[in-house]
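Undergrad: What follows is a single structure, and I will ask about it in a moment.
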Amino acid sequence: MPSPIPASALPEALRKHIDPQSPPPVRMMAARGLVPAPPKDTVTMMCVLAGDDDPKIRDGAQAALAKLPEKIVQGALREKLHALVLDQLARTFHDKSSFLEAILINQDTPDETFAFLAERLTGQALSIIVENQVRQLRHPPILIALVQNPAVSKADVDRVMDFAVRTGMDEQFKGVAAYTEAQDRIKARPVDEAEEKRLQEVIVQSLPQELLKEDERSEPRTAEEAAEEEKKKETFVQMLAKLTSGQKVALAQKGNKTARMILVKDSNRVIASAAIKNPGINAQEAMMIAGNRAVCDDVIRIIAQNNEWTRAYTVKVALINNPKTPLAIAMKFLTHLRHADLKALSMNKNVSSTLAQTAKNMIKPRT
């Protein structure tokens, strides 16, 4: 299987040395680090060829990469490297702390690389992983790997498990004894407001930026745009599925329209309620949510209590016609309905029969 590192990670003049269509001798030169090039490009070519289909080239690249002089590797690490090159270097030099520390402080290093190293490292390099809570929250397998690493002290295991509990990783650590112990510790401990504030900052930093920034594009106008929008939404749903409950609450509070419109329908009432209280929600969004049968009654109540939103006639109509709206709330807005909407409500078989009959009775005096 060819290396997933793209050819674009190299200058165009060097790409022939990694091209699967190039003669094996050409690729083997690069695999052994014999092509004249700066350290960054030498290392990148070798990392690409370490995944070559030809076993001789693949094995040659892996062996040569492991024996590279330290100054070449260090020189490469001072440059901007492709994320997958950093991953390959981490796996090749997982016992070289001088290289690993540079890799672990690099923002481009994949979270999966951290998880791989978290299970194997010792010393200062391991401490960097233990301290990086944003990474841990963004990619819980890092925490799982830390717990499994015998080099991690009991104090650090307790610390990372406390963090996991406080950020809502119940699903990831179901049945893990260390997690259960941490739950008991957290319950017995008084709330530290300063620490809670810091934790919220960590949670926000761990969130996907594309779910925080508002999309300034207009509504899709063509079938192609609508299909692209739907594909984007599916990607976001997949992202959300990987988040902890703590991350979902934070995202519900601060996320963009796409995020809040998904999370307002979450089965967890705390998350759904946080989404409807997102300051970015306007009356138009409130109307769409008010008419959605997938939202819980807590969300409906919050909308109904918002005087700014319920000033909009469309919001009142949406609330009244939603079967999830408690009867008392629907009846409260009934007198505001216009004749045509009252008539439609009286024939709506999805709402309470009491509500429909009341609407029917209100029509008669007007006819």
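Undergrad: Conditions first: (1) under 28 Å from residue 98 (Cα atoms); (2) surrounded by fewer than 21 Cβ atoms within 10 Å (Cβ to Cβ); (3) at pLDDT below 95. Residue 21 passes all but one, so which condition is the exception?
TA: (1)
Undergrad: Of all residues in segment 305-323, which are buried (at least 16 other Cβ atoms within 10 Å of the Cβ) and charged (D, E, K, R)?
TA: Listed by number, the list holds a single entry, 316.
Undergrad: Kindly provide the set of residues from segment 119-166 that are touching a residue at least 12 places away in the same chain (Cβ under 8 Å) and outside any helix (DSSP H, G or I), ordered by number. Can you show your working first?
TA: To start, the set of residues in segment 119-166 that are touching a residue at least 12 places away in the same chain (Cβ under 8 Å) comprises 119-126, 128-130, 132-149, 151-152, 156-166.
119, 120, 121, 122, 132, 139, 140, 149, 151, 152, listed by residue number.
One line per residue, one yes/no per condition, for (1) surrounded by 20 or more Cβ atoms within 10 Å (Cβ to Cβ); (2) closer than 24 Å to residue 103 by Cα; (3) of a type in the set (Phe, Trp, Tyr):
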| site | (1), (2), (3) |
| --- | --- |
| 150 | no, yes, no |
| 154 | no, no, no |
| 169 | yes, no, no |
| 184 | no, no, no |
| 191 | no, no, no |
| 206 | yes, yes, no |
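Undergrad: Among the residues of segment 251-274, write down those that are aliphatic (A, V, I, L, M) and over 19 Å from residue 235 (Cα atoms).
TA: Hits for segment 251-274 are 270, 271, 272, 274.
Undergrad: Now for a different question. For residue 83, state whether it is closer than 23 Å to residue 65 by Cβ and of a type outside the set (Asp, Glu).
TA: Numbers: closer than 23 Å to residue 65 by Cβ: yes; of a type outside the set (Asp, Glu): yes.
Against the criterion (closer than 23 Å to residue 65 by Cβ and of a type outside the set (Asp, Glu)), residue 83 qualifies.
Undergrad: Report yes if residue 159 is closer than 16 Å to residue 199 by Cα, in contact with a helix residue (DSSP H, G or I) (Cβ under 7 Å, 6 or more places away or on another chain) and surrounded by fewer than 20 Cβ atoms within 10 Å (Cβ to Cβ), otherwise no.
TA: Numbers: closer than 16 Å to residue 199 by Cα: yes; in contact with a helix residue (DSSP H, G or I) (Cβ under 7 Å, 6 or more places away or on another chain): no; surrounded by fewer than 20 Cβ atoms within 10 Å (Cβ to Cβ): yes.
No: the conditions fail for residue 159.
Undergrad: Scan segment 285-302 and give yes if some residue there is over 30 Å from residue 213 (Cβ atoms) and free of Cβ contacts under 8 Å to residues at least 24 places away in the same chain, otherwise no.
TA: No, segment 285-302 has no match at all.
Undergrad: Restricting the search to segment 84-107, which residues are crowded, with 16+ Cβ neighbours inside 10 Å and among the hydrophobic types (A, V, I, L, M, F, W, C)?
TA: If the condition is that a residue be crowded, with 16+ Cβ neighbours inside 10 Å and among the hydrophobic types (A, V, I, L, M, F, W, C), then 84, 85, 86, 89, 90, 93, 99, 100, 102, 103, 104 are the ones that fit.
Undergrad: Which residues, taken from segment 109-118, are surrounded by fewer than 22 Cβ atoms within 10 Å (Cβ to Cβ), part of a helix (DSSP H, G or I) and not hydrophobic (A, V, I, L, M, F, W, C)?
TA: Across segment 109-118, the qualifying residues are 111, 112.
Undergrad: Would you be able to say whether some residue in segment 86-103 is among the charged types (D, E, K, R) and either touching a His at 6+ places or on another chain (Cβ under 9 Å) or over 28 Å from residue 206 (Cβ atoms) (or both)? Before the answer, list the steps.
TA: First, the residues of segment 86-103 that are among the charged types (D, E, K, R): 87, 91, 95-96, 101.
Imposing the further condition that a residue be either touching a His at 6+ places or on another chain (Cβ under 9 Å) or over 28 Å from residue 206 (Cβ atoms) (or both) reduces the set to 95-96.
Checked segment 86-103: at least one residue is among the charged types (D, E, K, R) and either touching a His at 6+ places or on another chain (Cβ under 9 Å) or over 28 Å from residue 206 (Cβ atoms) (or both).
Undergrad: OK, next. Is it the case that segment 49-60 has a residue that's touching a residue at least 40 places away in the same chain (Cβ under 8 Å), assigned to a helix (DSSP H, G or I), surrounded by 19 or more Cβ atoms within 10 Å (Cβ to Cβ) and not acidic (Asp, Glu)?
TA: Scanning segment 49-60 turns up at least one residue that is touching a residue at least 40 places away in the same chain (Cβ under 8 Å), assigned to a helix (DSSP H, G or I), surrounded by 19 or more Cβ atoms within 10 Å (Cβ to Cβ) and not acidic (Asp, Glu).
Undergrad: Okay, moving on. Listed residues 164, 118, 182, 178; which is modelled with pLDDT of 95 or more and in contact with a helix residue (DSSP H, G or I) (Cβ under 6 Å, 6 or more places away or on another chain)? Before the answer, list the steps.
TA: Details: 164 fails: modelled with pLDDT of 95 or more; 182 fails: modelled with pLDDT of 95 or more; 178 fails: modelled with pLDDT of 95 or more.
The conditions single out 118.
Undergrad: In contact with a Pro (Cβ under 9 Å, 6 or more places away or on another chain) and buried (at least 22 other Cβ atoms within 10 Å of the Cβ) - does that describe any residue in segment 130-147?
TA: no
Undergrad: Inside segment 303-363, counting only helices (runs of 4 or more DSSP H) that do not spill past its ends, which hold 2 or more residues that are under 17 Å from residue 283 (Cβ atoms)?
TA: Working: elements: 307-310, 313-320, 327-334, 339-346, 353-363.
Ranges flagged: 307-310, 313-320.
Undergrad: Given the condition more than 26 Å from residue 140 (Cα to Cα), of a type in the set (A, V, I, L, M) and either in a loop (DSSP other than H, G, I, E, B) or in contact (Cβ under 8 Å) with a residue 12 or more places away in the chain (or both), answer yes or no: does some residue in segment 91-100 qualify? Give the derivation first.
TA: Kept after step one, since they are more than 26 Å from residue 140 (Cα to Cα), are these residues of segment 91-100: none.
No; the residues of segment 91-100 include none that is more than 26 Å from residue 140 (Cα to Cα), of a type in the set (A, V, I, L, M) and either in a loop (DSSP other than H, G, I, E, B) or in contact (Cβ under 8 Å) with a residue 12 or more places away in the chain (or both).
The values are calculated or read from the model by the stated rules, or taken from the named source; none is laboratory data. Since the model is a prediction, treat every value here as computed from it, not as a measurement. Here Cβ is always computed from backbone atoms with ideal geometry, including for glycine, and neighbour counts include all displayed protein chains.
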